[in-house]
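Okay, so here's the structure we're looking at.
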Amino acid sequence: MKKWMYILLLMTVILSACSSQASEKESDIKGIEDISLKQLSKHRNSYIGDNGAIGAILSYLPGHVIREYEIADEKNLKVTYGVKENANDTEEQFDAFWFDEKDTVEKNYLYNALALFILIDNVEQVTLRMSSNEEQSVTFKRHQLEKKLPHSFKEYKDDTALWQRELVDGVVKSKEKRQDVYNTFPMQK
């Protein structure tokens, strides 16, 4: 009889462990490594004013959990990252993605700004921030940022291999080059 009790107890423990793991949802927040520039470049030649294209681009970029975006002055885009009330991702998943390493925010902000300038022809300024006022934000300006790059945004738009090699691998993932960009565009609290 004791033998059966131990087996039943063991099965209960195993089943409850399996069900608790199944109930923990994996985050589907995309990182830089999850993005296909070929897929993303399907949205090239977009314009501010085409909200469908802007929304599609933002939803495809790293850290795509967006609370809101705002188009100001028809040339300036402001993006606020954060979890909406009825979102699929939780605050814990959001925080784990964005704040797990100290440079995730810097990398994603720069990656996303570069992509927005490459894909949206008439955006002149991009401001990226978190929904919490305690977190850092940054504003990038098209012409100043383009001067820091080896080629024009148009050339990267037409050549995703060049975009990957020079901007993603060469600037975003390089701490030294990323810091050079942030010296020009400092993070604000």
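The values are calculated or read from the model by the stated rules, or taken from the named source; none is laboratory data. Note that the structure is a prediction, hence the values are computed from the model and not measured. For neighbour counting, all protein chains shown are included, and Cβ atoms are generated from backbone atoms with ideal geometry for every residue, glycine included. Surface accessibility is based on the protein's heavy atoms, side chains included, excluding ligands, DNA and RNA. Shrake-Rupley method; radii C 1.70, N 1.55, O 1.52, S 1.80 Å.
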Residues in the stretch 139-155 that are surrounded by 17 or more Cβ atoms within 10 Å (Cβ to Cβ) and either touching a Leu at 6+ places or on another chain (Cβ under 6 Å) or small (Gly, Ala, Ser) (or both): how many? 0
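Applying the selection to the stretch 156-173, what residues are open to solvent by 40 Å² or more (accessible area, probe 1.4 Å) and either within 16 Å of residue 120 (Cβ to Cβ) or in contact (Cβ under 8 Å) with a residue 60 or more places away in the chain (or both)? Talk me through it step by step, then tell me what you get.
Taking the stretch 156-173 as the starting set, the residues that turn out to be open to solvent by 40 Å² or more (accessible area, probe 1.4 Å) are 158-161, 164-166, 169, 173.
Of everything in the stretch 156-173, those that are open to solvent by 40 Å² or more (accessible area, probe 1.4 Å) and either within 16 Å of residue 120 (Cβ to Cβ) or in contact (Cβ under 8 Å) with a residue 60 or more places away in the chain (or both) turn out to be 158, 160, 164, 173.
Filter the stretch 89-120 for residues that are over 21 Å from residue 40 (Cβ atoms) and part of a loop (DSSP other than H, G, I, E, B); which is least open to solvent (accessible area, probe 1.4 Å)?
Result: 103.
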Residue within the stretch 140-156 that is over 13 Å from the mean Cα position of the chain (by Cα) and in a strand (DSSP E or B) present: yes
Every residue from the stretch 64-88 that is closer than 15 Å to residue 108 by Cβ, among the β-branched types (Val, Ile, Thr) and outside any loop (DSSP other than H, G, I, E, B): 66, 79, 80
Going by the conditions given, is residue 123 among the β-branched types (Val, Ile, Thr) and in a helix (DSSP H, G or I)? no
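Mind listing whichever residues of the stretch 79-88 are hydrophobic (A, V, I, L, M, F, W, C) and either farther than 29 Å from residue 160 by Cα or open to solvent by 10 Å² or more (accessible area, probe 1.4 Å) (or both)? Before you say what the answer is, go through the steps one by one.
So the first thing to find is which residues in the stretch 79-88 are hydrophobic (A, V, I, L, M, F, W, C), and the list is 79, 83, 87.
Residues satisfying the conditions are 83, 87.
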Any residue that is touching a residue at least 40 places away in the same chain (Cβ under 8 Å), open to solvent by 60 Å² or more (accessible area, probe 1.4 Å), closer than 20 Å to residue 156 by Cβ and among the hydroxyl-bearing types (Ser, Thr, Tyr) - is there at least one of those in the stretch 39-53? yes
Matching residues in the stretch 59-78 (buried (at least 17 other Cβ atoms within 10 Å of the Cβ) and either of a type in the set (Gly, Ala, Ser) or closer than 17 Å to residue 31 by Cα (or both)) number 7
If I ask for residues that are at pLDDT 60 or above, over 13 Å from residue 116 (Cβ atoms), of a type in the set (A, V, I, L, M) and in a helix (DSSP H, G or I), which ones from the stretch 13-63 would you list? 14, 32, 37
